[in-house]
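A.B. asks: Once you've had a glance at the structure underneath, I'll fire off some questions.
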Amino acid sequence: MNLAAHIAAHGGWISNELFMELALYDERDGYYSHNVTDIGPRGDFSTAATMSELPARRLVQHWQDTCRAYGRRLPIIEIGGGNASLALAIGRELGFLRRMRTRYYMVEKSPALRALQSLAGGNFVRVFPSIEQALRHAGGRAFIFCNELPDAFPARRFIRCSDSWQELGWELTQSGTIVESARPCSHLPASSAFSQPMPEGQIIEVHETYHNWYVAWQPLWKCGVFVTIDYGEEIGTLYHRRPRGTLRGYKAHTRLCAAELPELAGHCDITVDVNFSDLILLAERNAGDTVQLITQRDYLLPCANIKDPAEAHLLHCPGAGDHFRVLIQHRFEV
């Protein structure tokens, strides 16, 4: 990706949000649009679903419990299905007869991953480019889940100055190098991070694009459950001992620091941790919905075989068991 040309076209500076949008989703050069080849041991990073069948087993149990509670067989909607490994594991867990009677929809923005999911999912998985389309086919009633979705959205970055916040972005210097730099910001997005006392120099991130995406489709969702699994914390602990924020990348399972990202833009995954306090606030704005936040360990434990090393890894604390959180949002039809 010719990132320098993009920055020059925007006057020599772009926000981190635009940088991530270009690096991950540019139609010609974006990582998720064209350059991601696989997710898992052979890809640039792994998810829980590529390491163990435990998430699929627990999600099927949760879906069955939800269907009983709601008195109907709800369609399943997976948002951001990666290489479809979780969908295939859920299909195996359902078995032939239940799989034939279950509507399974997948939502994926990346054309490259949509093609992979359609091929891998066969007749079981129907892939849509937007959650709105999937919800319309589901009649607005669905068991919805996502695994490591919010962190894949572009994020804005801010640095605390003496008496204000400034926005961080990427600047093209006269020598042609790309460096991170701050600019005054006239408008701050809605986030719990700005209500917390932060020391001078602290960097924080806000997933404003995810917030806007979430709000847009809520009116179409009539009832069901929305399960969000991702790495992150509530704002009170999210930036503890993280003065430089959480921006990083992954290439061939190697962690990249923020300064390395411009050179590999379009050829690596880029992410920041999720502020679950913001996600809770978004969910609670929907009157009548109930919200629960638990650790991945607490969510998976009812179905876990702790003698299996792969399953035990997903439960380990400190580690994946408490660094990943699960936000569960219930909505009953009025």
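The values are calculated or read from the model by the stated rules, or taken from the named source; none is laboratory data. Since the model is a prediction, treat every value here as computed from it, not as a measurement. Methodologically, a virtual Cβ is constructed for each residue, glycine included, from the backbone with ideal geometry; neighbour enumeration extends over all protein chains shown.
A.B. asks: Would you please name the residue that is modelled with the lowest pLDDT, looking only at residues in the stretch 287-313 that are of a type outside the set (A, V, I, L, M, F, W, C) and buried (at least 17 other Cβ atoms within 10 Å of the Cβ)?
C.D. replies: Looking at the filtered set, the residue picked out is 311.
A.B. asks: With respect to residue 222, determine if the residue is without any contact (Cβ under 8 Å) to a residue 40 or more places away in the chain and on the phi < 0 side of the Ramachandran plot.
C.D. replies: It is false that residue 222 is without any contact (Cβ under 8 Å) to a residue 40 or more places away in the chain and on the phi < 0 side of the Ramachandran plot.
A.B. asks: Next up: Can you find even one residue in the stretch 84-95 that is of a type in the set (Lys, Arg) and either part of a helix (DSSP H, G or I) or at pLDDT below 95 (or both)?
C.D. replies: yes
A.B. asks: Follow-up question, since we're still on this one. Quick test for you: out of 249, 266, 245, pick the one residue that is in a loop (DSSP other than H, G, I, E, B), buried (at least 17 other Cβ atoms within 10 Å of the Cβ) and at pLDDT 95 or above.
C.D. replies: After ruling out the rest, the residue left standing is 245.
A.B. asks: Taking the condition of being in a helix (DSSP H, G or I) and under 30 Å from residue 74 (Cβ atoms), how many residues in the stretch 209-237 meet it?
C.D. replies: Count: 12.
A.B. asks: Does residue 83 meet the test of being within 26 Å of residue 268 (Cα to Cα) and either surrounded by fewer than 21 Cβ atoms within 10 Å (Cβ to Cβ) or not aliphatic (A, V, I, L, M) (or both)?
C.D. replies: yes
A.B. asks: Just checking, how many residues over the stretch 124-168 are of a type in the set (Ser, Thr, Tyr) and at pLDDT below 95?
C.D. replies: The qualifying residues number 2.
A.B. asks: Same structure again: Does residue 61 satisfy the criteria of being part of a helix (DSSP H, G or I), out of contact with any Pro (no Cβ under 6 Å at 6 or more places or on another chain), crowded, with 21+ Cβ neighbours inside 10 Å and of a type in the set (S, T, N, Q)?
C.D. replies: Considered against the rule, which asks whether it is part of a helix (DSSP H, G or I), out of contact with any Pro (no Cβ under 6 Å at 6 or more places or on another chain), crowded, with 21+ Cβ neighbours inside 10 Å and of a type in the set (S, T, N, Q), residue 61 comes out as no.
A.B. asks: Residue by residue through the stretch 269-287, note down the ones that are assigned to a helix (DSSP H, G or I) and of a type in the set (Ser, Thr, Tyr).
C.D. replies: Result: 277, single match.
A.B. asks: If you don't mind, there's one more thing I want to ask. Pick out, from the stretch 98-201, the strands (runs of 3 or more DSSP E) lying fully within it that include 3 or more residues that are buried (at least 22 other Cβ atoms within 10 Å of the Cβ), free of Cβ contacts under 8 Å to residues at least 24 places away in the same chain and touching a Cys at 6+ places or on another chain (Cβ under 6 Å).
C.D. replies: none
A.B. asks: In the set 141, 156, which member is of a type in the set (D, E, K, R) and closer than 19 Å to residue 131 by Cβ?
C.D. replies: 141
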